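Notes follow the structure.
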Amino acid sequence: MIVKVLHTEWSDGWGGQEIRIIQEMIAIREMGVEVFLACRKESIIYKKSLENNIQTFDLPFRGNLDLITMIKLIGIIKKNKINIVNTHSGKDTWVGGFAAKISKAKFIRTRHLSNPIKKSFFNFINRLADHVITTGEKIKKDMIENNNIIPQKIISIPTGPDQEIFDPKKLSKLESRSIFSIRNKEIAIGMLAVLRKFKRHDLFLNMAKKIIETCTEYNFKFLIAGDGPQRENIENLIQDLGIKKNVKLLGHIDNQSNFLNALDLFVICSDSGEGVPQSLMQALMMDLEIISSDAGSIVDLYNNENFKIIRSGNQEELNDSVIDFVKRASNGFPKKNTRQYMIQNFSKEQMTHKTLEVYKNLLG
């Protein structure tokens, strides 16, 4: 039997969730699975899907009970003989889930975010799924405990970075730093995240101001890669803090491996909403020094002190951890040797094989 999977996505943004969907579809396609995507035409994922030669359908996904979208999805499922529907956001999960059930296709709900799903008898769509995939163990545990998901019907499959792309041995540190205009003696500290509130760029910027004022014997460059709805607020905060000279907003970047390779320290400040962040996995694959909050399922990646964990939302702990890192700067920045652990446990290959196993088990 040929496995045919239709993914649905309501979101119009371009963050870890949307990137995971495209990467997973490309990887699983290489294993012989036929993939399709239904999403909104104005979304970034629509353009990215077409760029990667994925058969893509534009549908409105106007709400949880959008009958027009549901009817069109049923037609797509039947016409293309889809046997699995994999949904990703709230609105498309309701519409896609019902369309799958009506069409007798298997229904998978993939949950990317760690914020709790409201407990309610009427919020039953996740229980209706034939299988649930989460991107972290904490999300899996919460859905079992709070949303009555049967443990045998749920699995955590974190997003796996491509070890061929995120390989520091294939990149020049000097060339990577040159791309982002980092001068020779500057300490480069960076974030890679969509510009949303829960990513807490405000903590990062307040930390930057503290570091600049405290560690005056060093030169710093603070880089923020990513785009999103909080851009204007972040720009205003940079101006208000008086750190514009030291901070660079890069917007969306496609060369994440070069960006990470250019850094001396990678920081995650999220206070909620995280599964297992792709950027953290990529940074670990690049053997970077890392300071990260404990939000969501971030602790899934912690092994043998491979990065520094701090309490989410704690400004003082973030500041102190970065200051401690800077004090060690005179001794250089030794590699953490985290790459092998990531390859063995969280690679793209691991993600693809686990996902394919779920598909085949569902189809018997």
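For residue 337, the criteria (1) within 30 Å of residue 155 (Cβ to Cβ); (2) within 18 Å of the chain's Cα centre (by Cα); (3) not in a helix (DSSP H, G or I) hold in every case but one, which is (2). Does residue 92 satisfy the condition of being surrounded by 20 or more Cβ atoms within 10 Å (Cβ to Cβ), acidic (Asp, Glu) and within 30 Å of residue 350 (Cα to Cα)? Taking the combined requirement at face value, the residue satisfies it. Taking the conditions exactly as written (touching a residue at least 40 places away in the same chain (Cβ under 8 Å), in contact with a strand residue (DSSP E or B) (Cβ under 9 Å, 6 or more places away or on another chain) and either within 18 Å of residue 288 (Cα to Cα) or among the basic types (Lys, Arg) (or both)), does residue 173 satisfy them or not? No; evaluated as a whole, the condition is false for this residue. Filtering 8, 110 for residues that are touching a Gly at 6+ places or on another chain (Cβ under 8 Å), in contact (Cβ under 8 Å) with a residue 12 or more places away in the chain, polar (S, T, N, Q) and not in a loop (DSSP other than H, G, I, E, B) leaves a single hit, 8.
In the stretch 65-75, of all residues being touching a helix residue (DSSP H, G or I) at 6+ places or on another chain (Cβ under 7 Å) and under 25 Å from residue 359 (Cα atoms), the one that is surrounded by the most Cβ atoms within 10 Å (Cβ to Cβ) corresponds to 73.
Take residue 58 and decide whether it is surrounded by 24 or more Cβ atoms within 10 Å (Cβ to Cβ), under 11 Å from residue 38 (Cβ atoms) and among the acidic types (Asp, Glu). The answer is no for residue 58. Screening residue 292 on (1) closer than 23 Å to residue 141 by Cα; (2) surrounded by fewer than 23 Cβ atoms within 10 Å (Cβ to Cβ); (3) at pLDDT 95 or above shows it passes everything except condition (2). Total residues in the stretch 295-309 satisfying the condition of being crowded, with 17+ Cβ neighbours inside 10 Å and either without any contact (Cβ under 8 Å) to a residue 24 or more places away in the chain or within 20 Å of residue 157 (Cα to Cα) (or both): the figure is 8. Here 78, 48 are screened, and the one residue that is farther than 25 Å from residue 139 by Cβ and either exposed (fewer than 15 other Cβ atoms within 10 Å of the Cβ) or modelled with pLDDT of 95 or more (or both) is 78.
The values are calculated or read from the model by the stated rules, or taken from the named source; none is laboratory data. Keep in mind that what you see is a predicted model, and the values were worked out from it rather than measured. We place every Cβ from the backbone using ideal geometry, glycine too, and count neighbours over all the protein chains shown.
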